[in-house]
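See structure below.
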Amino acid sequence: MSQSAHDTSPPPAVSFWQAFLFWLKLGFISFGGPAGQISIMHQELVENRRWISEKRFLHALNYCMVLPGPEAQQLATYIGWLMHRSWGGIVAGALFVLPSLLILIVLSWVYIAFGEVPVVAGLFYGIKPAVTAIVLQAAHRIGGRALKNNVLWAIAAASFVAIFALDVPFPLIVLGAGLIGYLGGRTRPEFFKAGGGHGKAEKSFGRALIDDDTPTPAHARFSWSGLARIVVVGALLWLIPMALLTLSYGWPHTFTQLGWFFTKAALLTFGGAYAVLPYVYQGAVTHYNWLTPTQMIDGLALGETTPGPLIMVVAFVGFVGGYQSPQLSALFGADHLFLAGAAAATLVTWFTFLPSFLFILAGGPLVESTHNDLKFTAPLTAITAAVVGVILNLALFFGYHVLWPKGFAGAFDWIAALIALAAAIALFRFKRNVIHVILACAVIGLSVKLLHG
């Protein structure tokens, strides 16, 4: 228990601008994926600053965990909204994303414009095998938490076969798993009991600004009129840009299709970013040809090494797709491809994150109406199990393109295989930090390329 646990008075009130500066700082230091980001927020907001109590923090987190979308960004939005109304939530959520967007736009430009430079090519030669090991670790980590019995193992295996052998679209796998979970939860609930979760709040770090017994502020109380207002505003914020894109450029245009595709992707991110990456791959690589399989792997590597939610890899997809699009080249001019890519990345980010804000601002008052812990539903338990099979397929997809860069007819890249093996040992055996593993593998890849000329 912290020393401050003996404090009987809450800390001084926090102004909007004090909170603004904290959320800005968080946007630049939020490395480590959702687990790392949530850990940073807990340490800063619960332990050090005491802006919110442990119990209220976990209550908000449990709600964010059952939503599609990046839970750490949604948690920041929730706490910002609870403290400083809607604008507080919008600022907290936006600043969680904006630094990452700006950094990724610059890195994506460096990658696409200078990717053939030997130094850059060497770095990515080492990074690709590391990413394969990282995705495999994600399947193992989520599987260890989600696959609690043979029924859930069977769902994971079926989803793997569906996407690997039958090429079933990811949304259908999610819907099928959700239906199995719904029916199974009614007939055999013992197989679909919630797993994971975050337990009960047993720690205290002293009185908090938003404490266990602090009454819900007026703006956070549920009302039908408030819910209707959020739903209408949210619908307009999606409908107006989509209508303008369709009317200005037509439905088949790259801009319009980017907006439509990533709206669907945003609603399918149950289980974190790794879960939706196969869907993004199916659409961006296979269906739309916005980027190549190799570029998709490189984009995930960039997403892993920048702050913000991992789903920000969509900004890379948008930038590369926009930069390489003949339609956007004609629109912006061949000399302004950076602007085409930056506009596409920004557009993709808007449509990807808009639902996250709406879920918090619309659902937050319902959550605040009870401080009992929320639990995963049976459909979500089944979906999470299915996600494990989907992520395993993604690992195999990456492994194939890394180890046989020219297909099975070409040579096996044994150096890449050794780098992937070393990365897997570092992650699984020694529990090394993902960023450290990527940086070490990048240095090894660069060294190999320089030595072999």
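The values are calculated or read from the model by the stated rules, or taken from the named source; none is laboratory data. Given the structure is predicted, the values throughout are model-derived calculations rather than measurements. Here the Cβ is made from the backbone with ideal geometry for all residues, glycine too, and neighbour counts use every protein chain on show. Side chains are part of the model used for accessible areas, which takes the heavy atoms of the whole protein and leaves out ligands, DNA and RNA. Shrake-Rupley method; radii C 1.70, N 1.55, O 1.52, S 1.80 Å.
Values for this structure:
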quantity: Of all residues in segment 111-122 being at pLDDT 80 or above and surrounded by 14 or more Cβ atoms within 10 Å (Cβ to Cβ), the one that is nearest to residue 443 (Cα to Cα); calculated: 122
quantity: Number of positions in segment 3-43 that are of a type outside the set (A, V, I, L, M, F, W, C), at pLDDT below 85 and more than 19 Å from the chain's Cα centre (by Cα); calculated: 8
quantity: Every residue from segment 389-404 that is more than 23 Å from residue 142 (Cβ to Cβ) and free of Cβ contacts under 8 Å to residues at least 12 places away in the same chain; calculated: 404
quantity: Residue match in segment 246-256 (condition: surrounded by 14 or more Cβ atoms within 10 Å (Cβ to Cβ), closer than 27 Å to residue 175 by Cβ, in contact with a helix residue (DSSP H, G or I) (Cβ under 8 Å, 6 or more places away or on another chain) and modelled with pLDDT of 95 or more); calculated: yes
quantity: Matching residues, segment 332-353, being of a type outside the set (Gly, Ala, Ser) and open to solvent by less than 20 Å² (accessible area, probe 1.4 Å); calculated: 348, 349, 351, 352, 353
quantity: Tabulated pairs, segment 352-367, first closer than 19 Å to residue 55 by Cβ, second open to solvent by 20 Å² or more (accessible area, probe 1.4 Å) and of a type in the set (S, T, N, Q), C-beta under 9 angstrom, 6+ apart or interchain; calculated: 365/216; 365/223
quantity: Residue list for segment 214-240, restricted to those being surrounded by fewer than 13 Cβ atoms within 10 Å (Cβ to Cβ) and outside any helix (DSSP H, G or I); calculated: 215, 221, 223
quantity: Single residue of segment 178-199 satisfying the filter (open to solvent by 90 Å² or more (accessible area, probe 1.4 Å) and part of a loop (DSSP other than H, G, I, E, B)) that is nearest to residue 287 (Cα to Cα); calculated: 193
quantity: Of the criteria (1) under 28 Å from residue 15 (Cβ atoms); (2) part of a helix (DSSP H, G or I), which one residue 50 fails; calculated: (2)
quantity: Checklist (1) over 26 Å from residue 151 (Cα atoms); (2) out of contact with any Asp or Glu (no Cβ under 6 Å at 6 or more places or on another chain); (3) open to solvent by less than 50 Å² (accessible area, probe 1.4 Å) applied to residue 403, failing item; calculated: (2)
quantity: Qualifying residue in segment 58-69 (condition: over 18 Å from the mean Cα position of the chain (by Cα), open to solvent by less than 10 Å² (accessible area, probe 1.4 Å), closer than 27 Å to residue 142 by Cα and modelled with pLDDT under 80); calculated: yes
quantity: Unique residue being assigned to a helix (DSSP H, G or I), open to solvent by less than 50 Å² (accessible area, probe 1.4 Å), small (Gly, Ala, Ser) and touching a Pro at 6+ places or on another chain (Cβ under 8 Å) when the list is 329, 356; calculated: 356
quantity: Scan of segment 153-182 for residues that are without any contact (Cβ under 8 Å) to a residue 12 or more places away in the chain and not hydrophobic (A, V, I, L, M, F, W, C), ordered by number; calculated: 167
quantity: Residues satisfying the stated conditions in segment 406-443, i.e. surrounded by 16 or more Cβ atoms within 10 Å (Cβ to Cβ) and either modelled with pLDDT under 85 or not aliphatic (A, V, I, L, M) (or both); calculated: 413, 434, 438, 441
quantity: Selection within segment 301-315 - of a type in the set (Val, Ile, Thr) and part of a loop (DSSP other than H, G, I, E, B); calculated: 305, 306
quantity: Failed item, numbered, when residue 345 is tested on (1) within 22 Å of the chain's Cα centre (by Cα); (2) small (Gly, Ala, Ser); (3) modelled with pLDDT under 95; calculated: (3)
quantity: Pair list, Cβ under 6 Å, 6 or more apart: segment 215-234 residue in contact (Cβ under 8 Å) with a residue 12 or more places away in the chain, other residue in a loop (DSSP other than H, G, I, E, B); calculated: 222/369
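This table checks each residue for (1) modelled with pLDDT under 95; (2) among the hydrophobic types (A, V, I, L, M, F, W, C); (3) crowded, with 20+ Cβ neighbours inside 10 Å; (4) in contact with a Pro (Cβ under 6 Å, 6 or more places away or on another chain).
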| position | (1), (2), (3), (4) |
| --- | --- |
| 80 | no, no, yes, no |
| 93 | no, no, yes, no |
| 104 | yes, yes, yes, no |
| 109 | yes, yes, no, no |
| 124 | yes, yes, yes, no |
| 146 | yes, yes, yes, no |
| 157 | no, yes, no, no |
